[in-house]
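Q: Structure provided below as structure tokens; questions to follow.
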Amino acid sequence: MARPQPARPRRHLLYGYVALVIAGGGAILFLNPPRIPVAQLPSAALFLVLVFIAESAPITLPRGGGSVSISFWIIYASTLIWGTGAAAWIAAIGSIRWRELRGQVSLEKVLFNRGQLALAAGLAGIVYTGLGGVPGTVDVTSSRLPALAACGLVYFVVNLTAVVLAMAIAQGVPMYEMWLTNFRWVIPQYLLLTPLAILLAHINLQLGLFWTIVFTMSLYVARYSIQLYNDMREDYLSTISALITAIEAKDPYTRGHSEAVRKHTVAIGREMGLRADALERLEYASLLHDIGKIGVAESILRKPGRLTDEEYTEIKAHPVIGGNIVQRLRLLGQEAGTVRHHHEWMNGRGYPDGLSGQKIPIGARIIGVADAFDAMTSDRPYRRTLSTQEAIAELRRCSGAQFDGDVVEAFVRALDKQESSPQSQ
């Protein structure tokens, strides 16, 4: 589902931020013309092509519509070999992508991409020389290590922060949440790439063009490993979607229920300030909260009237079945308790284990509220649909007994924010 366009005040903030980054990058390029010896022009051309290749095959981020590439290696090495100006210009020009050349990207995004990369490379070069680094030499003695480390750190922080902040403003989410959701896995990659980039610069300066080409082939091994990680995430989400489709095919009365519960769960989790990584796992768990119904007879799931005691006992087994299924999922196993206990009550009268109060996992308490709200406000053959206000009143009436009162109030606040947001009008 596409995110809504940013509201007017946020859109103005985004445009101002983009203009600031473009101006900063432009200033770096204007004030630092490239100074490359004639003998090194073939290597500089190679680095330009390598950046272009790396940017032509970016790694798509799991959320937010952004992407990153492994061009950091080459740009960082360019700083060590030729200094600030060359690195900034190689970053700005080499990073142009096919989509941008074909006119598939808006002009402001094209200029922002050039600006933030030039800014990152330029500031990294300025810090490197300011701390005693000398372009054209790779000195890994203790006296030069701070300059080498600072150069990589500044590029990393400026580059990713520029992108994260733009995405956070555009989508109206906290910056730390965007960072954790999309970029936390990038940190170890950069830690690994920094010494390899230093080695790349050393090879170019000492061994020449041929061995530079041989060594840069390892860049694409690194890119392949990162892409495998993202592909695994996408396959994981596809598997979850397939399982949900299988469940809802058995129970036509709850078609779309899992997606609605997911939406409400995320809203509650954000309102309660859950960490982004924990919220992401909870989101997946909410999609799978009824996966255990795959083990319940269709005759029971499709029954239009009220269930007998025996049928109710059978359907009460679905959280246990669901918890057992989720426990086997490598990336989501720790949320098995969340799925197993989403029908527990605060007073201990829920199922399957009769947990009470804080013994019920917070994720299960959140899903319990989201699940109940959607059930009350959706069509069912055995009762009338409640309005939003009627459902909220019922949640509050049952707070402390069935539901966690703090979770209910967080949900009410989240609903109020949705109602008052420009996108809901």
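Q: Tell me which of these Ala391 doesn't satisfy, since it passes every other one: (1) open to solvent by 20 Å² or more (accessible area, probe 1.4 Å); (2) more than 30 Å from Gln327 (Cβ to Cβ); (3) without any contact (Cβ under 8 Å) to a residue 40 or more places away in the chain; (4) not β-branched (Val, Ile, Thr).
A: (1)
Q: Also: Count, please, the residues in segment 261-279 that happen to be assigned to a helix (DSSP H, G or I) and over 20 Å from Ala336 (Cα atoms). Spell out how you get there, then give the answer.
A: Of all residues in segment 261-279, those assigned to a helix (DSSP H, G or I) come to 261-271, 276-279.
Imposing the further condition that a residue be over 20 Å from Ala336 (Cα atoms) reduces the set to 267, 270-271.
Total satisfying the criteria: 3.
Q: If you go through segment 330-366, how many residues are open to solvent by 40 Å² or more (accessible area, probe 1.4 Å), more than 23 Å from Val408 (Cβ to Cβ) and either part of a helix (DSSP H, G or I) or among the aliphatic types (A, V, I, L, M) (or both)?
A: Qualifying residue count for the region: 2.
Q: Just to check your reading of the model, which residue among Leu41, Leu48, Leu29 is in contact (Cβ under 8 Å) with a residue 40 or more places away in the chain, in a helix (DSSP H, G or I), open to solvent by 50 Å² or more (accessible area, probe 1.4 Å) and closer than 16 Å to Thr79 by Cα?
A: Numbers: Leu41 fails: in contact (Cβ under 8 Å) with a residue 40 or more places away in the chain; Leu29 fails: open to solvent by 50 Å² or more (accessible area, probe 1.4 Å).
None of the others qualify; the one that does is Leu48.
Q: Mind telling me which of the residues Glu310, Glu280 ends up being surrounded by fewer than 21 Cβ atoms within 10 Å (Cβ to Cβ), out of contact with any Lys or Arg (no Cβ under 8 Å at 6 or more places or on another chain) and more than 30 Å from Met175 (Cβ to Cβ)?
A: Details: Glu280 fails: more than 30 Å from Met175 (Cβ to Cβ).
Result of the check over Glu310, Glu280: Glu310.
Q: For Arg330, indicate whether it is within 26 Å of Glu280 (Cα to Cα), modelled with pLDDT of 95 or more, within 29 Å of the chain's Cα centre (by Cα) and of a type in the set (Lys, Arg).
A: Details: within 26 Å of Glu280 (Cα to Cα): yes; modelled with pLDDT of 95 or more: no; within 29 Å of the chain's Cα centre (by Cα): yes; of a type in the set (Lys, Arg): yes.
No, not satisfied.
Q: In segment 313-329, which residue that is out of contact with any helix residue (DSSP H, G or I) (no Cβ under 8 Å at 6 or more places or on another chain) and open to solvent by 80 Å² or more (accessible area, probe 1.4 Å) is nearest to Val408 (Cα to Cα)?
A: Thr313
Q: State whether the residues of segment 291-306 include one that is open to solvent by 20 Å² or more (accessible area, probe 1.4 Å), among the β-branched types (Val, Ile, Thr) and under 19 Å from Ile366 (Cα atoms).
A: Residues of segment 291-306 open to solvent by 20 Å² or more (accessible area, probe 1.4 Å): 293-295, 297-299, 302-306.
Narrowing further to those that are among the β-branched types (Val, Ile, Thr): 294.
So of that shortlist, the ones also under 19 Å from Ile366 (Cα atoms) come out as none.
No, every residue in segment 291-306 fails to be open to solvent by 20 Å² or more (accessible area, probe 1.4 Å), among the β-branched types (Val, Ile, Thr) and under 19 Å from Ile366 (Cα atoms).
Q: For segment 367-388, name all the residues that are touching a residue at least 60 places away in the same chain (Cβ under 8 Å), of a type in the set (Gly, Ala, Ser) and not in a loop (DSSP other than H, G, I, E, B). Working first, answer last.
A: Kept after step one, since they are touching a residue at least 60 places away in the same chain (Cβ under 8 Å), are these residues of segment 367-388: 367, 369-371, 373-375, 378-382.
Pick out the ones that are also of a type in the set (Gly, Ala, Ser) and you get 370, 375, 378.
Listed by number, the residues that qualify are Ala370, Ala375.
Q: Being assigned to a helix (DSSP H, G or I), within 27 Å of Ser78 (Cβ to Cβ), open to solvent by 30 Å² or more (accessible area, probe 1.4 Å) and modelled with pLDDT of 70 or more, is that true of even one residue in segment 165-172?
A: Filtering segment 165-172 for residues assigned to a helix (DSSP H, G or I) gives 165-171.
Filter again for within 27 Å of Ser78 (Cβ to Cβ), leaving 165-167.
Filter once more, keeping what is open to solvent by 30 Å² or more (accessible area, probe 1.4 Å): 165.
Filter once more, keeping what is modelled with pLDDT of 70 or more: 165.
Looking through segment 165-172, at least one residue is assigned to a helix (DSSP H, G or I), within 27 Å of Ser78 (Cβ to Cβ), open to solvent by 30 Å² or more (accessible area, probe 1.4 Å) and modelled with pLDDT of 70 or more.
The values are calculated or read from the model by the stated rules, or taken from the named source; none is laboratory data. Just so you know, these numbers come straight off a predicted model, no measurement behind them. Cβ coordinates were reconstructed from backbone atoms using ideal geometry, including for glycine residues, and neighbour counts include every protein chain displayed. Keep in mind that these areas ignore ligands, DNA and RNA; they rest on the heavy atoms of the full protein, side chains included. Shrake-Rupley method; radii C 1.70, N 1.55, O 1.52, S 1.80 Å.
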